Amino acid sequence: MKSKVLTVEHLNVAVEDRTLIKDLSFSVYGGALTCVTGENGVGKTTLVKALLKCKRHSTKQVHFLVRPDEVQYVPQFRNVDDDYPLKIKDFVSLSLQNSFLPWLTKSEKNRIQKVLEMTKLTEIENEPLGRASGGQKQRAYLAQALVTDPKLLILDETTASLDKESRIYLLQVVVDIIKRTGAAVMFITHDPELIRRFGDYNLEIANHHGVMHEVKGDQASC
Amino acid sequence: MLEYAFMRYGFIASFFISILCGFMGVFVVSRRTSFFTHTLSEIGFAGAAFGLFIGTSPVIGMLIFTILSSLMIGTVGNKVSRRESSISVFSGLFIGLGILFLSLANTQSSYATNILFGSIVGIGVNDLKTLITLSVIIIIAILLIYRRLKYNSFDGTGSHFNAGYDTAISIIFLILLASTVSVTAQIVGSLLIFALLTIPASAAKFFVHNVWGMIFLTFIFSLVGTWAGLYFSYITDWPVSFFIAAIESAFYLVAISYDRLKNHD
Ligand SMILES: Nc1ncnc2c1ncn2[C@@H]1O[C@H](COP(=O)(O)OP(=O)(O)O)[C@@H](O)[C@H]1O
Ligand SMILES: [Mg+2]
C-alpha cells in the first residue's frame, strides 16, 4: 500500500537563466526512501528548493498531496556556530508551529522526549547545541524535523560530514521512522553504500536529466 | 533618595525599560541585529532632526526614519545590514544628515542631541506613561508571534524553509525594534538603549540555554544595572549612563570569563 505524497511532471529546474535539469518527472511515495543522487553542482539542492516553493500552492509541474506543514526540509547548511546558545531539546522544539501558545504543552513535551530517544540525544538534551559534535548536530536537525511528525521528510546531504558508523546509524533511525509512520523520505546523498543498503528508489541526475529507478535491495545480505 | 520624585520615576522607568530589553534584547542578539540596532540610534537621531526641520515632533520623524529603514532591511535582506562596511557607511550618512537637518531647523538643537545622550534621571510622569504603554504593546506583540519569532530568530534557515510568512515575521520584529528605539530614545537617550538592548542579552546567553530563561536573566541584568547605576549616580553625582554602561559591561566580562572557565578546563 504505497501512497503518493508528491508528483513532479515535466519540471525544468533553473537558476537565474541557466537550466540545470530539463523535463524532470518522478513521484515520491510514502513508506519509502527515495535517494537523490548526482555530482556536486548538478542542482539537487536547487531542485528541492524549487519543490518547496510549491508547497503551499501546487502547480501543473509540482503537485503535493500532503499539507504544507506536513513537509520538513533539513537543509544542507545551517548557521549554528560554537556559540549557539540553545539547549538541544529547545532547538528541537523550534519547529513546533501548530500552536500559538508561548509555552509547550504536555503532549508536545512528550513528543520531544520520544524523538530525543529515537535519535539518541536524551543524554545530552540539556547541552547547548553549539557544543555538540557534528554527528550530534545532524541528529538534532533530524530530530527537529521529526518532532512535527512529517509525512514528507527531505534530507539534504545530512550524512555528508559524518563518519561511516554515524551515517549508518542515522539512516537506520530514518528507515525505522519510515517503517513506523509510513512517512516518505527524499534523501540527497553521494554515498553508494547507503543507497544500496537503505534506498528504495534512486533519482539519478546527470547531464541535465533525471531518471528514477528502483534500487535492487541487498538488505538481506547486510 | 526616594523622597525625590525624579529618583522614583527613574527607578520605575528602569523597571519597564528592563522588561523591554528582556523581551527585545534576546531576539536582537540571537538574530545578530546588534549592529543594525546601533545604526538605528543614528537613523533615529537623523529622523528626530528631520522632524524638527519640517516642524512636526521629533518622535514622528524618528518613527518614520527607523520604520522605513527597518522595512528596507527586512525586504532587501539582512546580509547587507550585517556587513561591517555598510554599517559604517549608514552610520556616517545618518549622523551627517542629522547634523544637516539640525542646522537647517535652527531650533532646539539640544533636544535632538538629548536623543543621543539623554538620561534616565529627570523624566516626567508622561514619559512614564509612554514607557508603560510601549511595554504593554511590545509584550503583547511578542507573545502573539512568540513561536514564530523564536524559530525565525534561533534557526533562521530552518524557519525560512519550514514555516510560512517568514519574511513577515522578520519585518514585524524590526518594526517593533524601531518603535522601541524611537520611543525610549526620547526618554533616556538612544545610546543607553542601544547598550541595554545588546549587552545584558549577550551576557545572559552564557548562563542559560533556553529562551524564557534568557529573557528573564536579561531583564535581571538590565534591572540590576540600571537600579545600581541610579544609586551610584545619586551618591557620587557622576552621570547615571556611565554607571549603567560600566555595570552591564562588567556582567558581560563575567559572562565570557565564566564561559572560558567552564569550557576550557
Ligand atoms: N542562488 C544561486 N545563484 C546562482 N547560482 C546558483 C545559486 N544557487 C546555486 N547555484 C548554482 O547552481 C548549481 C547547482 O547548485 P546546487 O543545487 O547547490 O547543486 P547540488 O546541490 O546538486 O550540489 C551550481 O552550479 C551552483 O553554483
Ligand atoms: Mg546541495
Given the structure, is A:LYS49 within 14 Å of chain B (Cβ to nearest Cβ), within 24 Å of A:VAL175 (Cα to Cα) and within 16 Å of ligand 2 (Cβ to nearest atom)?
yes
For the range A:28-53, which residues satisfy the criterion of being open to solvent by 20 Å² or more (accessible area, probe 1.4 Å), part of a loop (DSSP other than H, G, I, E, B) and more than 9 Å from ligand 1 (Cβ to nearest atom)?
A:GLY31
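Out of A:THR148, A:THR122, report the one residue that is within 13 Å of chain B (Cβ to nearest Cβ) and away from ligand 1 (no atom under 16 Å from the Cβ).
Numbers: A:THR122 fails: within 13 Å of chain B (Cβ to nearest Cβ).
Every option except A:THR148 fails the conditions.
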Complete set of residues in the range B:177-218 that are in a helix (DSSP H, G or I), open to solvent by 30 Å² or more (accessible area, probe 1.4 Å) and within 14 Å of chain A (Cβ to nearest Cβ)
B:TRP212, B:PHE216, B:LEU217
Inspect all residues belonging to the range A:76-83 and state whether any of them is within 13 Å of chain B (Cβ to nearest Cβ) and more than 20 Å from A:LEU142 (Cα to Cα).
yes
Which members of the range B:157-176 meet the condition of being in contact (Cβ under 8 Å) with a residue 24 or more places away in the chain, surrounded by 19 or more Cβ atoms within 10 Å (Cβ to Cβ) and not small (Gly, Ala, Ser)?
B:ILE169, B:ILE172, B:PHE173, B:LEU174, B:LEU176
Under 6 Å by Cβ, and 6 or more places apart or on different chains, what pairs join a residue from the range B:238-262 that is free of Cβ contacts under 8 Å to residues at least 40 places away in the same chain with one that is open to solvent by 40 Å² or more (accessible area, probe 1.4 Å)?
B:PHE243/B:PHE232
Here are the criteria: (1) modelled with pLDDT of 90 or more; (2) surrounded by 15 or more Cβ atoms within 10 Å (Cβ to Cβ); (3) within 20 Å of the chain's Cα centre (by Cα); (4) not in a helix (DSSP H, G or I). Tell me which single one A:SER25 does not satisfy.
(2)
Only one of A:TYR141, A:TYR169 is within 16 Å of ligand 2 (Cβ to nearest atom) and either under 22 Å from A:LYS44 (Cβ atoms) or not charged (D, E, K, R) (or both), namely A:TYR141
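The values are calculated or read from the model by the stated rules, or taken from the named source; none is laboratory data. Predicted, not measured: the structure shown is a model, and the values here were computed from it. Here the Cβ is made from the backbone with ideal geometry for all residues, glycine too, and neighbour counts use every protein chain on show. Heavy atoms of the whole protein, side chains included, go into the accessibility calculation; ligands, DNA and RNA do not. Shrake-Rupley method; radii C 1.70, N 1.55, O 1.52, S 1.80 Å.
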